[in-house]
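The values are calculated or read from the model by the stated rules, or taken from the named source; none is laboratory data. Just so we're clear, the structure is a prediction, and the values are computed from it rather than from any experiment. Cβ: placed from backbone, ideal geometry, glycine included. Neighbour counts: every protein chain shown. Just the protein is used for accessible areas: all its heavy atoms, side chains included, with ligands, DNA and RNA removed. Shrake-Rupley method; radii C 1.70, N 1.55, O 1.52, S 1.80 Å.
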Amino acid sequence: MHDLIVIGAGPAGSTSSYIASLLGLKTLIIDFQEFPRFKPCGGGLTVKSLKLLESLDIDIDSIVEKYCKRVYLITYSGVYELVSSEPIITTVSREVFDKHLLQHALDQGVEFMLDKIVSIECRSDEVIVRGLRDIYRAKVLIGADGAFSITAKFLGNHVCMRDCAIAYMSYVEDSHIDYAVLDFTRIKYGYAWIFPKRNSLNIGVGSLRIENYTKVLIDYVSELNLKLRFVRGYPLPIK
Ligand SMILES: Cc1cc2nc3c(=O)[nH]c(=O)nc-3n(C[C@H](O)[C@H](O)[C@H](O)COP(=O)(O)OP(=O)(O)OC[C@H]3O[C@@H](n4cnc5c(N)ncnc54)[C@H](O)[C@@H]3O)c2cc1C
């Protein structure tokens, strides 16, 4: 039996299992996807995220796509330029970033299991986690299984779409800018972003109001005279 099972090997799961293992807990992390895996995301890390990673001794220098020391905020009252000697937004590829964090956890002694969890049973002295491949037992469970969390569902906290924000992202080929843009004039209750990567731009829109914003994003990219590769949307639980 493990001390801890973590469902989901995204940033939340990998980081929490890494910390648990550092604290000496026998930890198992379970995900139904093999890594690296695609996750719709802007891949923009804030100063707070970087500080957290630094405090955990997780070095991401080798996988950073761009450090943005300049950010443009486009608002109805004007365009503001933020400049800093330190990066304001640091961009990564989520495929690479998530694999990097998981590798840190594995190097720290965390075990990984490829399985899709379908049910969770809490007993007084253990948690029983049933997957499509096997049954797992631990003293404690962390649900880090994302927007459609099965852990939340089994705890009676089913995530409804009305409790979610939504964001759509796309990639376009371009590598010429090293600043980020947050545009608050494109979409109601949200913003559009442009985050530069090494060989591309990650462009997206996110809003607190759930709607299909595919066309908003397509129009935005075409106004910028850029060529869109694809559009992916995904909910963000906010309650
Ligand atoms: C379009 C878009 C753009 C975004 N841009 C940014 C950004 O620029 N910066 C930022 O900080 N945040 C951004 N976000 C938010 C960010 O993506 C999420 O907050 C983040 O991914 C949450 O991480 P997590 O580890 O909680 O979950 P996830 O990264 O979603 O990982 C959950 C994991 O759980 C696994 N899983 C789920 N169910 C099961 C199951 N039943 N059994 C086994 N495994 C399971 C999944 O396979 C997955 O690997 C964006 C979100 C969207 C949708």
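So Gly146 ticks every box in (1) part of a strand (DSSP E or B); (2) crowded, with 17+ Cβ neighbours inside 10 Å but one. Which box is left unticked?
Only one criterion is unmet by Gly146, namely (1).
Condition (residue is touching a Cys at 6+ places or on another chain (Cβ under 6 Å), over 13 Å from Ile29 (Cβ atoms) and in contact (Cβ under 8 Å) with a residue 60 or more places away in the chain) applied to the range 117-139: is it met by at least one residue?
Applying the first criterion (touching a Cys at 6+ places or on another chain (Cβ under 6 Å)) to the range 117-139 yields none.
Checked against the condition, which is being touching a Cys at 6+ places or on another chain (Cβ under 6 Å), over 13 Å from Ile29 (Cβ atoms) and in contact (Cβ under 8 Å) with a residue 60 or more places away in the chain, the range 117-139 yields no hits at all.
So, in the range 76-98, exactly how many residues are open to solvent by 40 Å² or more (accessible area, probe 1.4 Å) and more than 20 Å from Ser200 (Cα to Cα)?
10
Tell me which strands (runs of 3 or more DSSP E) are completely within the range 1-84 and hold 1 or more residues being within 22 Å of the chain's Cα centre (by Cα) and more than 10 Å from the ligand (Cβ to nearest atom), or say none if there are none. Spell out how you get there, then give the answer.
Working: elements: 2-7, 27-31, 66-68, 70-75, 78-83.
Passing ranges, in order: 2-7, 27-31, 66-68, 70-75.
When the residues of the range 111-143 are narrowed to those that are assigned to a strand (DSSP E or B) and of a type in the set (D, E, K, R), which ends up farthest from the ligand (Cβ to nearest atom)? Give the derivation first.
Taking the range 111-143 and keeping what is assigned to a strand (DSSP E or B), we get 111-114, 117-122, 127-131, 135-143.
Cutting the leftovers down to of a type in the set (D, E, K, R) gives us 111, 121, 130, 137, 139.
Working: Glu111: 14, Glu121: 15, Arg130: 10, Arg137: 16, Lys139: 19 Å.
Per the stated criteria, the residue is Lys139.
Residue check, Ile88 against (1) within 30 Å of Leu208 (Cα to Cα); (2) in the same structural domain as Pro36 (by TED's automatic domain parsing), all met but one. Which one?
(2)
Wholly within the range 181-239, which strands (runs of 3 or more DSSP E) include no fewer than the required count, namely at least 1 residues that are open to solvent by 80 Å² or more (accessible area, probe 1.4 Å)?
Details: elements: 190-196, 200-207, 232-237.
Result: 190-196, 232-237.
When the residues of the range 99-138 are narrowed to those that are of a type in the set (Gly, Ala, Ser) and modelled with pLDDT of 95 or more, which ends up most open to solvent (accessible area, probe 1.4 Å)? Walk me through how you get there before you give the answer.
As a first pass, look at the range 99-138 and keep what is of a type in the set (Gly, Ala, Ser): 105, 109, 119, 124, 131, 138.
Then keep just the ones that are modelled with pLDDT of 95 or more; that gives 105, 109, 119, 131, 138.
Working: Ala105: 0, Gly109: 50, Ser119: 27, Gly131: 16, Ala138: 0 Å².
Going through the qualifying residues, I end up with Gly109.
Looking at (1) over 18 Å from the mean Cα position of the chain (by Cα); (2) outside any loop (DSSP other than H, G, I, E, B); (3) surrounded by fewer than 18 Cβ atoms within 10 Å (Cβ to Cβ), can you tell me which one Ala165 breaks?
Here Ala165 clears every test but (1).
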